[in-house]
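The structure appears below as structure tokens.
Readers should treat all values here as calculations from the given coordinates under stated rules, not as data from a laboratory. Owing to the predicted nature of the structure, the values given are computational and were not obtained by experimental measurement. Cβ: placed from backbone, ideal geometry, glycine included. Neighbour counts: every protein chain shown.
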Amino acid sequence: MNYLSEYRARLTRLNVNAQTIAGRKLESPYKPALLLAVMEGVEEQVIRDNRIAITPELIVAFKAYCQLLSPGPEYGARPFQLPFFHLQSSGFWHLQARPGCELVLTASKSVRSFGHLRDVIAYASLDAPLWELLLQPVAREELRQALLARYFPLTRHYFRPQAGQEKLEALGRQMLEEPAAVYNRVVDVADETEVLVRSAVFGREVLRAYESTCAVSGLQLLSTTGTAPLLDACHIVPWSVSHDDTIGNGLSLCPNLHRAFDRHLFWVDEDYRVRVADGFGELGGHDYGVQRFNGAQLRLPKVRTWWPKVENLAAQRSY
């Protein structure tokens, strides 16, 4: 059976919404843009198996392709949850519910919000033959060009195959280089997908700046499997208060020290020295506690502009 011909035909017959504006028929770009984002994830090895999770990388790529290829401003909302849910009508996109949410998924005709999608859906998967095609560079490119020709005939020349990765890198540079005041003017804190993406990029850039080393203990931890990092990227002033994800509001900490910092069991003074709070004692396990770091110099990034802002450290002490 010629699976490439079959899926090329199915990908170009997606059920997409259309509207006529000024005598011109415009089709919703969301489903094909999501498929282009999946292809990028496979190509960049961000998606490694046939379990397409709701990740910051996928969201950013989807939004990037919507922005590049959309036929007009009418499709500027870029609601990630809608194509992720409704692509199941294609027959080759299958949703896997989280444990205990199977009935909710079966009964749902749509999703209320991005948060609802994440609560109910664990991941999506593709038909096995289609997944195998996406693993093959030549077949993947043929399917990608079929999507571009069918859904984006007027804008396909704007397509860039790594648009999502470019956007993530740009966000990382923004966090490292821009003042918090500039950042606060551009981030949309009401957009759940935006907050998720910014949080992920913040974590990546903080750990990169500190070379995956705990700023207090000096323990360097690297994941050799490419999975979740073993250290935490900690907001000095909580995100809920500051909405500040610039590098000057970040620290790299071991999980236990992250919790101690958030609970004000220690703080950092203006000379970047650890100061343990009064009023608590360690009954045992002193080699693994907080008290032994009292007076220790913080381990700071090599780039001076990436150091924690003194005003953020002072604000953290005041809460």
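Laid out as a table, the results:
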| item | result |
| --- | --- |
| 28 Å Cα-Cα threshold exceeded, pairs from 167/302; 25/63; 25/167; 63/302 | 25/167; 63/302 |
| Sites residue 170 and residue 314, calculated FRET efficiency, Cβ-Cβ separation with R0 30 Å, nearest 0.05 | 0.45 |
| Environment charge at residue 120 (Cβ cut-off 15 Å; Lys +1, Arg +1, Asp -1, Glu -1) | +1 |
| Under 5 Å, built H, 5+ apart or other chain: amide partners of residue 122 | 96, 97, 98 |
| For 47, 59, order by how many other beta-carbon atoms lie within 10 Å, fewest first | 47, 59 |
| Highest-fluctuation residue, 275, 51, 263 considered, GNM on the chain with Cα pairs under 10 Å | 263 |
| The chain, helix-only ellipticity at 222 nm - DSSP H runs n ≥ 4, -39,500 (n - 2.57), divided by all residues, nearest 500 | -13000 deg cm²/dmol |
| Separation in nanometres of the label points that stand 7 Å from Cα toward Cβ, at residue 113 and residue 199 | 1.3 |
| Proximal charge balance of residue 312 [Cβ under 13 Å; K/R count +1, D/E count -1] | -3 |
| Full-extension gain in nm, residue 12 to residue 278, via 0.36 nm per residue minus C-alpha separation | 89.2 nm |
| The chain: most fluctuating residue of 174, 67, 291 per GNM, C-alpha cutoff 10 Å | 291 |
| Förster-model FRET efficiency, 41 Å R0, residue 292 and residue 162, C-beta, rounded to 0.05 | 0.35 |
| Additional length obtainable on full extension of the chain from residue 96 to residue 141, 0.36 nm per residue less Cα span | 13.5 nm |
| Extent along principal axes [Cα atoms of the chain; Å; largest to smallest] | 69, 41, 38 |
